[in-house]
Every structure is written in structure tokens, then in C-alpha cells.
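First comes the structure, then the notes that go with it.
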């Protein structure tokens, strides 16, 4: 079997990398030596985190560099054609790989929001060729644009071979808009990725024990009252945690994509305050998702603004405060704890509240760890269930052919 993973970002977004790692575990659990091709979407060619799995073939789809000649051609095409037609033209570059695939898995976690032109174009190409296209471990919606456009998106989703959603809010949103029969509730594949100790003995040795981890992002901060000064937000939150608990702090960059570089933000603030923050360190920029998960697993507690950084913490039983800007992170907390007690929403983002939530999870640390250990058994089964569903979809498709 040959599987095309399409729509994901590169490994510079460690959430995207974790989705790929977990997906590969699922595929190998249900198919004998599957061929796996990852057609991640990159803004333009640049140095990436190297592949550690020789069984994954990379066929990146490069978007042109802003203001390059090709970029101007693309802008002109969008102006002349309707956006769905323009993106379908662009997606045809992936057609050779789609034709060779037994199934196309549309990855990315939350690519199907607002107006997902490229993902729709790629999956439509597969379905037109009678190749199963599955929206894989995703959050869906809300969509924007005209009512006519939104209806077309729901019609497209009904025509997919499968829509695998990772939380109940997406499931309900789809059901409310007439997408039910091909929808399956699974778990995010990233829960399956195993931690991996970094090959960096010197850094591993100096990693403080009993530390609090903090993962902040420009994406989250831009939606808070600190939107005009991201560095100030990082300083205030780290300083509040440092003053309250007196523990070592590890800053955890979880996305280092061009234009969305958590490491530049976190390490930049650390360097400005290094003399005042002797107990604060930042993880290296180019660790892999599995290595970052290993570091997170060693923490006493964690504060995370990237959804997949919190998945790394949940799946290694670390008490976690989730800083959320969308319903997906709320959905993870609701499913794991049946409450939102450990959540700070974007409009509530104040250092004092984050500290209070952190104290709450630390006060209930033993209870939370035990709960997560028990829940992860079912969560991992739920993530693997996607492979069983996929196998049936492919089998049913083959019998129809």
C-alpha cells in the first residue's frame, strides 16, 4: 500500500511533525510495510529539520517566496480566476503522487477552517480519480465566505471517503451542517508519538529536574491584550511563574516556521533577561518533535499555547495548563478531564491567572498524573482505530472497483 500524506506543514512546525510520526505508527500497525510519501506544504525551500525515519519519502509542495516572480504569477491567477479554480490549478502539481497512491490522507490538524481552497483542491483530485481521500485526525471549521461557498465545502466533505475528527465540537459542527455518514471520532495521531532522548549529552545533563515548562507563540499572543508587544507578554508570564514558584523554567519552542518562530521569540526574551533569570533555559531550535516531547516528559508542570505541545505533555502524564485560542484545545481538555478547569482562554490571558491555574494543576499533580495514565490507554486505542477504519475504507473502495 502507498499512502500520500498531503496538506501538512513541514517539521519546522513540530505539531505537524508529531502528526506525521503518529500517523506512521498507525499505518504500520495495520498495513504490511506501507510506502509513505509526505507532500508537506512549505512556504519556499529552506533548511528543515532532517528526517529520522528512512521509510518516509518527502515530496514537498513549495509555495513561492513572497514577491518572487512565481508569487506574482499566482496572485494574478487568483485575480483572474475564482479562487477554487486557481488552487485546483496549483494542486495539479501533486497529481503524479496522487495517481500512485492507494489513499490520500489530508493531514494538518486544523487546515479545514475558514476557506481551505488548497486542501479541497487536492482531495477533489483524488476523489475524481476514485482514490480514497480521508480528512485525517482533524478539527473542522468554522468556515467563512458566502453561504454558497460554505455549502460547497460541506458538499465536498460529504463526498470524501472519510472525515476523521479528533474532538466532539467538530463532530457536532459537521452534523449541524449535514455531514454525518462519513464522519468518525478518533484521537489526534500525535498522541502516539514516542519521546526520544536527544543526542546532546551536554544539554541533557544540564536539563534541570523539577522544572516548569512554558511554551508561548506569536499566534496565541497576537489574539490577547498583549498583541502589540509579544516580548512583553513572554516577560510578564515567565517572570510571574518564576516569582511565584521559584522553580527552574524551561522555555519550549514548538514551531520554528518562517514567520512563526517561537524560538526567536522565547530565546530573544531570555537573552535580554539572562542576568536576572539564572534558572531559565530555552530548548534548542532544531530539536525534533520527539526530542521536545522527551524534555516535556521530564517537567514538573507545563504551560502550553501550542495544542501539540500540550498533547506531548498530556501523553507523558505532565500536569498542564492549556492556553487556548480555538476550540480544539478546549476539546482535548474536555475529553481528558471532563472540565475546562486547567484552561486559560485568549481573552483571559493574564500572568496572574496563568499562575493561579498552574498552582491548581500542581496542587492536584498526583491526581492529574494518575488520570492521564488511565486515559491514555483509551486515547491511544482511539488513535489506532483510525487505521482500522482506513483499512475498511480501502477494502470497500477496492470491492467497488
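The values are calculated or read from the model by the stated rules, or taken from the named source; none is laboratory data. Predicted, not measured: the structure shown is a model, and the values here were computed from it. Neighbour counts run over all protein chains shown; Cβ positions are idealised from the backbone, glycine included.
Suppose we filter segment 143-172 for residues that are touching a helix residue (DSSP H, G or I) at 6+ places or on another chain (Cβ under 7 Å) and within 17 Å of residue 307 (Cβ to Cβ); how many remain?
5
Is there a residue being closer than 30 Å to residue 371 by Cβ, touching a residue at least 12 places away in the same chain (Cβ under 8 Å) and touching a strand residue (DSSP E or B) at 6+ places or on another chain (Cβ under 9 Å) anywhere in segment 268-277?
no
If I ask for residues that are modelled with pLDDT under 80 and exposed (fewer than 15 other Cβ atoms within 10 Å of the Cβ), which ones from segment 46-61 would you list?
Within segment 46-61, 46, 47 qualify.
Considering only residues of segment 7-16 that are more than 12 Å from residue 306 (Cβ to Cβ) and surrounded by 24 or more Cβ atoms within 10 Å (Cβ to Cβ), which is nearest to the chain's Cα centre (by Cα)?
Only one residue fits best here, namely 8.
If I filter segment 164-180 down to residues being without any contact (Cβ under 8 Å) to a residue 60 or more places away in the chain and part of a loop (DSSP other than H, G, I, E, B), which single residue comes out as farthest from the chain's Cα centre (by Cα)? Give the derivation first.
Just the residues of segment 164-180 that are without any contact (Cβ under 8 Å) to a residue 60 or more places away in the chain, to begin with: 165, 171-180.
The next check asks that each one be part of a loop (DSSP other than H, G, I, E, B); those that pass are 177-180.
Working: 177: 25, 178: 26, 179: 23, 180: 24 Å.
Looking at the filtered set, the residue picked out is 178.
Of all residues in segment 98-136, how many are surrounded by fewer than 18 Cβ atoms within 10 Å (Cβ to Cβ), touching a strand residue (DSSP E or B) at 6+ places or on another chain (Cβ under 7 Å), over 23 Å from residue 188 (Cα atoms) and touching a residue at least 60 places away in the same chain (Cβ under 8 Å)?
1
Quick one: in segment 325-338, which of the residues that are surrounded by fewer than 24 Cβ atoms within 10 Å (Cβ to Cβ) and at pLDDT 85 or above is farthest from residue 369 (Cα to Cα)?
325
Checking the conditions here, which among 137, 109, 145 is outside any loop (DSSP other than H, G, I, E, B) and under 27 Å from residue 330 (Cα atoms)?
137
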